[in-house]
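Worksheet for the structure shown next.
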Amino acid sequence: MLDIQNVTKSYRAYQALRGVTLHAHSGEVFGLLGPNGAGKTTLLRILATLLEPTSGTAVVGGHDIHHDPEGVRRAVGVVNGGMGLPARLTGREVLRSFATLYGMTRAQADARIADLDDRLELGRTLDVRAGEYSTGMKQKVVIARAVIHDPPVLILDEAASGLDIFARRTLLDFVHATRAPGRLTVYSTHVMSEVEEVCDRVAILHEGNLLNVGTIPDVLARTGASSLERAFFALVRPDAVRPEASHAR
Amino acid sequence: MPAERAPRRGGLRPGMVWQIAARDLLTTLRDRRTLSATILMPLILIPLFTLGLPLLMGNLIGGQQQARQQLGVVGTLPEGLRRALTTDETLPDGTVTRAGVDLVPVTDPLKAVRDGTVEAAIQPGGPLPARAGDGTGTLKLYAKLSNLRARSGAFGKVQDVVDGYNRQLATARLSTLGLGADTLEPVRIQPVDASSAQEQRSGQLAFLIPMLMMQFILAGALATALDATAGEKERGTLESLLVAPVRRAEVVTGKLLATATTALTSAAFSVIGFLLSGLIMRAYQSANPGNVATFTQAMGGQLTLSAVGVLTLLGVAATTALLISSLLILVGIYARSFKEAQTYVAPINLLVVLPAVTLQFADFLNTSAALYATPLIGGMLAILDTVKGSSEPAHAALAIAGNLAGTALFSLLALRSFGREEVIFRN
């Protein structure tokens with residue numbers, strides 16, 4: 001479902017991505033883990049066709065980002081922590097507006113909104129103007145907007161950032177629920193516990209380099225770490241990590 | 001996933017364009033401040049500027065003629081001059097057209113004027129002639145010459161009265177010599193106004209109309225353009241729009257359509273404002289049929305438009321709205337926030353206001369075809385010509401073409417900006 005081939009991205013002298021190659025499969029939640037500035041958002045924006053890679057290519061949901069960017073955009077739903085909503089429109093109006101952009105009829109849109117209302121517990125949020133939303137309410141509608149067309153590939157980039165415990169739980173439950181054959185969720189975060197809870201496999205990105213890809217047990221085994229956080233540090237700053245034994249003592 | 005559309009690659013899909021525009025228009029419609037600027041302001045400000053201000057000024061200046069001012073006098077004046085100064089000028093029905101002044105004896109005329117005891121003061125430099133053949137004399141006239149009120153009041157009245165007094169004495173003197181008053185003016189100039197009837201009527205309104213229309217087009221476009229570009233970036237809604245299967249050209253065109261619609265709505269309400277002014281003016285004239293000429297003069301003229309004139313105005317206004325909208329979108333998308341965008345558009349305001357103000361001196365301009373083809377400026381000139389009734393179809397067509405060419409250029413630049421990562425993700 002996701003095939004990334006040797007993608008690089010440079011901003012003048014700065015190299016944000018250095019030849020990233022990875023594959024993610026149907027039916028999995030794929031974690032993208034890395035500190036701020038690792039290149040996660042750049043990679044995800046390339047996958048969403050918002051940015052052009054300097055070199056390399058990717059196929060997302062069966063569509064090549066260079067040759068069929070519109071096909072890619074129809075196949076993905078994207079949520080990032082910085083996305084907002086038009087303050088003077090209600091959640092329902094936003095969702096209907098986006099449904100139309102994806103070619104849905106009013107009846108299809110309303111049926112899908114009702115479905116998302118159940119799954120994301122939108123409730124009265126739908127008919128309140130977005131300017132009055134709390135952070136959690138806003139993020140739920142942003143997620144609903146991203147999946148209004150029921151995309152096979154869902155890209156979540158720091159989507160839980162700033163959410164309270166209840167909204168975060170709703171989001172993680174939603175990610176769990178989207179795991180199904182024919183679907184892929186790419187979950188990017190720097191919060192290890194979220195990755196441990198929802199991701200089947202994880203890729204660790206640091207300074208534009210892909211350091212490791214595998215299931216969480218694989219990553220732990222390869223690094224000899226007891227937790228994902230320690231494995232992460234062992235990969236990104238091996239010289240700064242004390243041995244597990246000394247830590248235990 | 002719903003069934004996919006299969007559009008031609010790269011073309012504009014009207015449905016998508018309309019969806020983008022509708023979303024921006026709905027956002028604008030729910031903003032009270034924008035609605036006020038777009039609808040209420042033209043309806044209130046245009047009648048105020050075109051009716052209220054000239055009437056107020058006319059009343060203030062005209063009121064000076066009807067009021068009796070205090071005129072300081074040092075020494076004595078010939079009886080004829082004293083009488084002429086203090087007597088009211090009236091119409092046969094008794095209406096005072098120019099009131100006389102109250103003479104107040106003063107010893108220091110300069111001080112009396114400066115401290116406001118009197119509005120003006122006169123001081124004969126010696127005995128003044130009381131009859132024809134009495135010789136000549138000097139009359140010092142003190143007033144604050146930088147003060148418009150003083151100049152249009154006592155100062156003006158003294159000048160008029162002394163002119164009349166001089167003419168009266170000179171005519172009497174000529175009469176004793178067996179000569180007529182015509183001797184003083186062997187050649188008379190008789191001006192004949194070659195302006196068309198509409199040019200004669202339009203007066204100062206001609207200059208006001210393009211200026212106000214441009215201002216309201218700008219005001220109408222501003223909020224929508226900045227909210228749809230910099231505002232979207234700031235809120236984080238632009239990225240979600242760009243990740244939908246909508247083409248950048250459709251995004252730019254949709255935003256242009258929404259912005260031009262609000263700009264044109266504002267322009268339409270400015271036209272309604274002018275019509276409202278005209279209705280009020282007509283109602284006043286119907287109620288006061290004797291004062292039509294005076295009222296028209298106080299108003300700075302009156303406007304009559306033919307059907308072709310109305311169409312020309314609409315064409316120029318529509319293309320100007322597109323031009324200004326595309327420029328605002330181009331500037332707005334470059335800004336990181338609404339506030340930053342407001343800073344960027346300040347010079348655009350000047351770009352509209354300064355040429356519009358310069359239209360007062362349009363008679364001195366060499367209005368070449370190139371000037372008419374200049375975006376924005378050509379439109380202003382075309383509106384001015386239309387209002388004056390001297391519009392030429394070729395000039396109007398050039399102005400419209402110039403605006404459309406400018407719109408195309410700015411739209412292409414805006415489209416390029418929407419495709420540039422460093423602009424879209426600039427923060």
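Computed from the coordinates by the stated procedures, all read-outs in this text should not be read as laboratory data. This one's a predicted model, so the numbers in the text were calculated from it and none came from an experiment. Cβ placement follows ideal geometry from the backbone for every residue including glycine, while neighbour counts extend to all protein chains displayed.
For segment B:410-425, name all the residues that are touching a residue at least 12 places away in the same chain (Cβ under 8 Å) and in a helix (DSSP H, G or I). Result: B:410, B:411, B:413, B:414, B:415, B:417, B:418, B:423, B:424.
Within the set A:100, A:57, the sole residue that is in contact (Cβ under 8 Å) with a residue 12 or more places away in the chain and either on the phi < 0 side of the Ramachandran plot or under 15 Å from the mean Cα position of the chain (by Cα) (or both) turns out to be A:57.
Within segment A:48-71, the set of residues being part of a strand (DSSP E or B) and facing another protein chain (nearest Cβ under 9 Å) is empty. Taken over segment A:100-132, the residue count meeting the criterion of being crowded, with 16+ Cβ neighbours inside 10 Å, in contact with a helix residue (DSSP H, G or I) (Cβ under 8 Å, 6 or more places away or on another chain) and of a type outside the set (Val, Ile, Thr) is 13.
Residue B:372 satisfies every condition listed in (1) aromatic (Phe, Trp, Tyr); (2) more than 14 Å from chain A (Cβ to nearest Cβ); (3) more than 24 Å from the chain's Cα centre (by Cα) except (3). Against the numbered list (1) surrounded by fewer than 21 Cβ atoms within 10 Å (Cβ to Cβ); (2) in contact with a Leu (Cβ under 9 Å, 6 or more places away or on another chain); (3) of a type outside the set (Gly, Ala, Ser), residue B:412 comes up short only at (2). Just one of the listed residues (A:74, A:88, A:45) is at the interface with another protein chain (Cβ under 10 Å from one of its Cβ atoms), among the charged types (D, E, K, R) and part of a loop (DSSP other than H, G, I, E, B), namely A:88.
Within segment A:139-173, the residues that satisfy the criterion of being more than 14 Å from chain B (Cβ to nearest Cβ) and under 14 Å from residue A:199 (Cβ atoms) are A:160, A:171, A:172.
Looking only at residues in segment A:158-179 that are touching a Gly at 6+ places or on another chain (Cβ under 9 Å) and farther than 11 Å from residue A:136 by Cα, the one that is surrounded by the most Cβ atoms within 10 Å (Cβ to Cβ) is A:158. Taking the conditions (1) part of a loop (DSSP other than H, G, I, E, B); (2) under 36 Å from the mean Cα position of the chain (by Cα); (3) farther than 16 Å from residue B:163 by Cα; (4) not acidic (Asp, Glu) in turn, residue B:100 satisfies each one other than (3). Checked against (1) surrounded by fewer than 23 Cβ atoms within 10 Å (Cβ to Cβ); (2) in contact (Cβ under 8 Å) with a residue 24 or more places away in the chain; (3) more than 14 Å from the chain's Cα centre (by Cα), residue A:52 meets all criteria but (2).
Applying the criterion of at least 2 residues that are farther than 28 Å from residue A:105 by Cα and free of Cβ contacts under 8 Å to residues at least 12 places away in the same chain to the helices (runs of 4 or more DSSP H) found wholly in segment A:121-226 leaves A:165-178, A:216-223.
The set of residues from segment B:376-409 being surrounded by fewer than 20 Cβ atoms within 10 Å (Cβ to Cβ), acidic (Asp, Glu) and under 22 Å from the mean Cα position of the chain (by Cα) is empty. The condition of being exposed (fewer than 15 other Cβ atoms within 10 Å of the Cβ), under 22 Å from residue B:311 (Cα atoms) and in contact with a helix residue (DSSP H, G or I) (Cβ under 7 Å, 6 or more places away or on another chain) holds for only one of B:369, B:373, that being B:369. Only residues that are in contact with a Lys or Arg (Cβ under 6 Å, 6 or more places away or on another chain) and not in a helix (DSSP H, G or I) were counted across segment A:97-120, and they come to 1.
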